[in-house]
Amino acid sequence: MSLGENLKNIRLERGFTQEQLASAVDVNRVNLAHYESGTKVPSVAVLTEIANALDCSIDELLDRYKYIRKDR
């Protein structure tokens, strides 16, 4: 899944509207909608704030679990 798809799915799982999450991370709701649709990519700072607000890791947002080596 893409960042946008993961962001939207996790946001909905946590019970946030776009407006609520945008307010929590101090971004415009339209920008958040662009992140979810994949037309814009958030900065690392904003991505960190989103992960904190959603109580998840950046790896989870980026769907990196499938790339992390299991033998470590």
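A few remarks follow.
- Under the convention that each Lys and Arg Cβ holds +1 and each Asp and Glu Cβ holds -1, the size of the dipole of the range 3-64 around its Cα centre is about 160 debye.
- Under the span-like rule (Cα at least 18 Å along the axis, Kyte-Doolittle mean at least 0.0), DSSP H helices of the chain: none
- Structure-based [θ]222 nm, the chain - -39500 (n - 2.57) summed over DSSP H runs of at least 4, per residue, nearest 500: -17000 deg cm²/dmol
- Percentage relative contact order, the chain, counting C-alpha pairs under 8 Å, at least six apart: 39 percent
Computed from the coordinates by the stated procedures, all read-outs in this text should not be read as laboratory data. If you're wondering where the values come from, they're calculated on a predicted model, not measured in any experiment. Backbone-built Cβ (ideal geometry, glycine too); neighbour counts: all protein chains shown.
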